[in-house]
1. Cβ-Cβ distance below 7 Å, separation of 6 or more or different chains: which pairs start in segment 200-212 with a residue that is within 12 Å of L238 (Cα to Cα) and without any contact (Cβ under 8 Å) to a residue 60 or more places away in the chain and end on one that is among the aliphatic types (A, V, I, L, M) and buried (at least 20 other Cβ atoms within 10 Å of the Cβ)?
2. Read through the list (1) on the phi < 0 side of the Ramachandran plot; (2) open to solvent by less than 40 Å² (accessible area, probe 1.4 Å), then give the number of the only condition that D210 fails.
3. Among the candidates D57, D15, D41, single out the residue that is acidic (D, E), modelled with pLDDT of 60 or more and over 25 Å from the mean Cα position of the chain (by Cα).
4. Mind checking which pairs have a first residue in segment 63-88 that is more than 21 Å from G226 (Cβ to Cβ) and a second that is among the aromatic types (F, W, Y) and modelled with pLDDT under 90, Cβ under 8 Å, 6 or more apart or different chains?
5. Could you tell me which numbered condition L215 fails, if it satisfies all but one of (1) touching a residue at least 40 places away in the same chain (Cβ under 8 Å); (2) under 30 Å from L99 (Cβ atoms)?
6. Within segment 56-79, count every residue that is out of contact with any helix residue (DSSP H, G or I) (no Cβ under 6 Å at 6 or more places or on another chain), under 18 Å from P191 (Cβ atoms) and surrounded by fewer than 16 Cβ atoms within 10 Å (Cβ to Cβ).
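The values are calculated or read from the model by the stated rules, or taken from the named source; none is laboratory data. Here the structure is a predicted model, which means the values were calculated and not measured. Note that each Cβ is placed from the backbone with ideal geometry, even for glycine, and that neighbours are counted across all protein chains shown. SASA here: full protein model, heavy atoms, side chains in, ligands and nucleic acids out. Shrake-Rupley method; radii C 1.70, N 1.55, O 1.52, S 1.80 Å.
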Amino acid sequence: MPSEPRSEPSQSGFDDEPHYHGHRERLRERFRGAGAGALSDYELLEMVLFRAIQRRDVKPLAKSLIGKFGSFAEVVHAPDARLREVVGLGEAAITEIKLIAAAASRVAKGQLKARTMLSSWSDLIDYCRTAMAFADKEQFRVLFLDKRNQLISDELQQVGTVDHTPVYPREVIKRALELSATAIILVHNHPSGDPTPSSADIQMTKAIVDIAAPLGIVVHDHIIVGKNGHASLKGLKLI
């Protein structure tokens with residue numbers, strides 16, 4: 001009886017090997033039985049890619065992505081343009097990857113809105129890091145709070161370059177007045193990964209505090225996030 005013809009390698013260079021069917025099911029079983037903690041970063045990424053790339057072994061691609069960007073978190077937060085540089089990664093797979101980033105941000109924000117902002121510092125930091133820590137450009141956002149410290153609005157105010165974001169203190173306070181906010185939390189990221197506040201960060205924060213105080217608006221904190229951690233200007237006694 002003639003053997004079945006072997007499938008040709010895909011254009012991306014990855015073979016359509018039949019062994020991946022069993023591998024996928026074993027990975028799913030391990031995830032169901034032991035949870036995400038039992039999987040390495042590349043294995044978790046494989047599972048993300050399963051739906052978009054159904055007829056190919058995605059382990060080499062997942063390992064390539066982790067090698068290029070460094071970690072699961074850095075892959076899902078990588079800019080679309082850089083993901084498109086990876087051989088074998090099409091638009092459907094990029095959409096699946098970005099869906100994970102969007103879901104993580106939405107979950108973190110939901111946990112934050114379920115309680116007062118200042119009652120769960122860990123949830124606040126988790127949300128800020130999820131939303132911004134892996135961005136490749138500086139972003140400046142403001143969390144506007146009511147008198148019970150409940151979130152009124154979370155707004156991305158500015159997007160800058162890799163090391164600078166223009167911030168206009170009067171515009172921040174103007175928006176707080178429009179929303180009837182009585183307190184704000186400032187947040188921005190350092191794409192370098194180091195969250196240490198710069199002198200410009202400190203000066204800008206003090207300028208906002210000086211404008212806000214006479215209007216009865218409290219600046220609770222300015223949080224800086226990066227891949228290597230976070231910094232609180234209030235915690236550092238810089239405001």
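1. Every condition considered, the pairs that remain are D201/I224; I202/L233; M204/V167; T205/L186; T205/L233; V209/V219.
2. (2)
3. Values: D15 fails: modelled with pLDDT of 60 or more; D41 fails: over 25 Å from the mean Cα position of the chain (by Cα).
Answer to the check: D57.
4. Partner pairs satisfying both residue conditions: G88/F14.
5. All conditions pass for L215, except number (2).
6. Qualifying residue count, segment 56-79: 3.
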